[in-house]
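Enquirer: First the structure, which I've put down as structure tokens, then a few questions once you've had a look.
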Amino acid sequence: MSLKQKLCLAVLASGSGTNLQSIIDQCRRGLLNAEIKLVISNNPDAGALERAERAGINNICINHRGFDTRESFDQAVVSALKEVKTELVVLAGFMRIISPLFLQAFPQRIINIHPALLPSFPGLHVQQKAINYGAKFSGCTVHLVDGGVDTGPIIVQAVVPILDNDTEETLAARILEQEHKIYPQAIQWFAEGRVKITKRQVKIENCINLETALINPPLPQREK
Ligand code: GRF
């Protein structure tokens, strides 16, 4: 573990929190030079809150139903994030649209994970949409959050094949396995100060480039 100060994270989640768990686990193993200062959920029943509690991480529910406007809810969230000196806001299944007020409080410092290969299939129920479309690959995308829905600059993607007998559940599980790898790694790149953003282009300093193509269904193996 480097001696550099740990990156202060806050994780926002509305659901079961398996991505949160992968970040907790990687921090514990010393593979992530970051500390989760706070977990916030808008959903009082979120499994993510239980996971945080079990891990001894400060957690709160800010229920959006108690607020009249998106801005007033976001203001409460931003205040909580500022209070713990959040450096990177990690959305992990957070089912709320982020208002300009929130974005301006953390410019280029809010990231999200989406279970499809953006810019294909933004929005909800995207595993089923990819199957219905007949796509041969799907995957997941870690991206910066901007004013749109799943439109921000892409940081890293993982590709998985879509199999002939896939259901929404089997595909979601295959994608989730990759989410749990790429999300902690993306955070680590931020912790190392290696994420360089120029307009829509995000580059990770000192990374090797992938040069292998993926084909699905695979071509027959032929002798050269
Ligand atoms: C993940 O599929 C993520 O890509 C999406 O919401 C889901 C959250 O899952 N944004 P979990 O709560 O982390 O298990």
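Enquirer: Taking the conditions exactly as written (assigned to a helix (DSSP H, G or I) and either touching a Lys or Arg at 6+ places or on another chain (Cβ under 7 Å) or surrounded by fewer than 20 Cβ atoms within 10 Å (Cβ to Cβ) (or both)), does ALA80 satisfy them or not?
Expert: Here the answer is yes, as ALA80 does meet what is asked.
Enquirer: When you scan region 162-183, do you find a residue that is among the polar types (S, T, N, Q), touching a strand residue (DSSP E or B) at 6+ places or on another chain (Cβ under 8 Å), closer than 17 Å to ALA92 by Cβ and in a strand (DSSP E or B), even just one?
Expert: No, the conditions are met nowhere in region 162-183.
Enquirer: Here is a further query. In region 83-101, which residue that is outside any loop (DSSP other than H, G, I, E, B) and farther than 23 Å from THR198 by Cβ is farthest from the ligand (Cβ to nearest atom)?
Expert: GLU83
Enquirer: Go through the residues of region 109-117 one by one and say whether even a single one is free of Cβ contacts under 8 Å to residues at least 40 places away in the same chain, assigned to a loop (DSSP other than H, G, I, E, B) and more than 11 Å from the ligand (Cβ to nearest atom).
Expert: yes
Enquirer: Residues of region 192-224 being out of contact with any helix residue (DSSP H, G or I) (no Cβ under 7 Å at 6 or more places or on another chain), surrounded by 10 or more Cβ atoms within 10 Å (Cβ to Cβ) and over 20 Å from VAL160 (Cβ atoms), which ones?
Expert: The answer is GLU192, GLY193, ARG194, LYS196, ILE197, ARG200, VAL202, LYS203, GLU205, CYS207.
Enquirer: Okay, moving on. Please determine, by comparing only the residues of region 119-141 that are crowded, with 19+ Cβ neighbours inside 10 Å and in contact (Cβ under 8 Å) with a residue 24 or more places away in the chain, which one is nearest to the ligand (Cβ to nearest atom).
Expert: Result: CYS140.
Enquirer: Against the conditions (1) under 23 Å from GLU192 (Cα atoms); (2) away from the ligand (no atom under 15 Å from the Cβ), where does GLY56 fall short? Just the number, please.
Expert: With respect to (1) under 23 Å from GLU192 (Cα atoms); (2) away from the ligand (no atom under 15 Å from the Cβ), GLY56 is out only on (1).
Enquirer: For region 20-40, which residues satisfy the criterion of being under 16 Å from ASN59 (Cβ atoms), within 15 Å of the chain's Cα centre (by Cα) and either away from the ligand (no atom under 13 Å from the Cβ) or assigned to a strand (DSSP E or B) (or both)?
Expert: ILE36, VAL39, ILE40
Enquirer: Another question about this same structure. Of all residues in region 168-186 being touching a residue at least 24 places away in the same chain (Cβ under 8 Å) and touching an Asp or Glu at 6+ places or on another chain (Cβ under 9 Å), which is nearest to the ligand (Cβ to nearest atom)?
Expert: The qualifying residue nearest to the ligand (Cβ to nearest atom) is HIS180.
No lab work stands behind these numbers, since they all come straight from the coordinates. Remember, predicted model here, so these are calculated numbers, not experimental data. Glycine gets a Cβ as well: all are built from the backbone with ideal geometry, and neighbour counts include every protein chain shown.
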